[in-house]
1. If each residue's Cβ is checked for other Cβ atoms within 10 Å, how do Leu213, Leu280 rank with the fewest at the top?
2. For Val332 and Arg226, what does the FRET efficiency come to when R0 = 30 Å and r is the distance between their Cβ atoms, rounded to the nearest 0.05?
3. Once you place label points 7 Å from the Cα toward the Cβ at Ala99 and Asp351, how far apart are they in nm?
4. Take Leu217, Leu174, Leu350 and order them by how many other Cβ atoms sit within 10 Å, fewest up front.
5. For a Förster distance of 45 Å, can you work out the FRET efficiency between the beta-carbons of Gln255 and Glu125, rounded to the nearest 0.05?
6. By count of other Cβ within 10 Å, fewest leading, how are Glu45, Glu359 ordered?
7. What does the charge count around Pro61 come to, taking other residues whose C-beta lies under 10 Å from its C-beta (Lys +1, Arg +1, Asp -1, Glu -1)?
8. Gain in length, Asn237 to Ala199, computed as 0.36 nm per residue apart minus the alpha-carbon separation, to one decimal in nm?
Amino acid sequence: MTRSKLLLAVTVAVAVLGLAACGKKPAPKTDAAAQARAVRVVRVEQRAITGALTASGVLVPREEAAVTAEVTGYRVARVLVEEGAYVRAGQTLAQLDGALIGAQVEQQKALAAQAAVNAEQAEQEAARVKGLDGQGILSDEQIAQRRFQARAARANATAQAAAYRDATTRAGKLAVTAPVSGVVLERTVRPGDLSAGGATPWFRIARDGQIELQAELAEDDLAKVRVGLPAMVTLPNGASVQGAIRLVSPQIDPQTKLGSVRVRLPVRGDIRSGGFGRALFADAGGVSLTIPESAIRYDADGASVMVVGSDNKVKRVAIKAGARGGGLVALVQGPPVGTRVVQNAAAFLLDGDRVRPTEAAATPAAPSKAATR
């Protein structure tokens, strides 16, 4: 009887334990990879910083020709061109009144002819006494005098011929012509003005119509640019035009510590001398390690990025930023090329967090138009 009760008690206990076990579900296993935050990552790459350097300046003619009358004392009869006109080399710009110089040319022509006749007569008289020296027909003094007169008459004829050529040349200068082809930038002469040989030119011509940007750069920035470096120039009307550096100043202004560069521009009607322009140089900083600006976080310890390791865990790495432009930042100090960094620094991540990285392009989708140095 006692054994039967013991077996019954054991059977009931086993049944109770079995029911209890059936009513309790096992705890689910935790999947750390599934719970990791999804982030976009970019790689540290060697790239040129677009727009890392900007400069402002004035649009000026590449080469300017100043034109004024070469003869003085004559009235302007006609002015044949206006500002903005394109002229060819040798084209007449203004015509002076030639009434006075026409008479002078005729007078000088007559004087030159008279002097030539006198010289011929004197030379013939000198020729008649040739070989009569010491024969007593004429004194030595008379013979020498004829020879001296012949030479003096020939010298006078030469002088009068030169004066005639001078008058003819001055008559040809009554037409004020363009020394070069190009666009007339300024016209200051009017019909009726007197040619006085003043310092103010009558016409200013931009040779071949070429206008370029003369930009000012600080001394350290001037060392970063070179001849041939591409530049995007913004014009006063907001339009942009592609240019290239033609000339880098060989000296620095000792007062302002600035140097100038000349940016060659295409010939266009909306590029006008005297206007303002802003140049954005394509790769003045050269090629360097870069990351997007959005990847940098700033806190009390300075600038840093979140580097994603091979185990997909993030780690904070301090950096030192350099030139900026086009949405990119050059790394003066930081992780090596090829390192994966979190693209968005605003993502709330701590050292050691596991992430699910998705590769993204390093170049921003919409590069910023403004650039800083």
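1. Working: Leu213 30, Leu280 22.
Taking fewest neighbouring Cβ atoms as first place, the list is Leu280, Leu213.
2. Numbers: r = 21 Å, r/R0 = 0.71.
With R0 = 30 Å, the Cβ-Cβ based efficiency is 0.90.
3. According to this spin-label approximation, the distance is 9.9 nm.
4. Details: Leu217 26, Leu174 21, Leu350 9.
Sorted ascending by nearby Cβ count, the order is Leu350, Leu174, Leu217.
5. Working: r = 74 Å, r/R0 = 1.65.
E between Gln255 and Glu125, to the nearest 0.05, is 0.05.
6. Values: Glu45 17, Glu359 11.
By the 10 Å Cβ count, ascending, the order reads Glu359, Glu45.
7. Values: positive: Arg62, Arg204, Arg207; negative: Glu63, Glu64, Asp208, Glu212.
Here the charged neighbours net out to -1.
8. Details: separation 38, 0.36 × 38 = 13.68 nm, distance 3.38 nm.
In short, 10.3 nm is gained.
Coordinate-derived values only; no laboratory data. All values reported here derive from a predicted model rather than from experimental measurement. Positions of Cβ are generated from backbone atoms using ideal geometry, with glycine treated the same way; all protein chains shown enter the neighbour counts.
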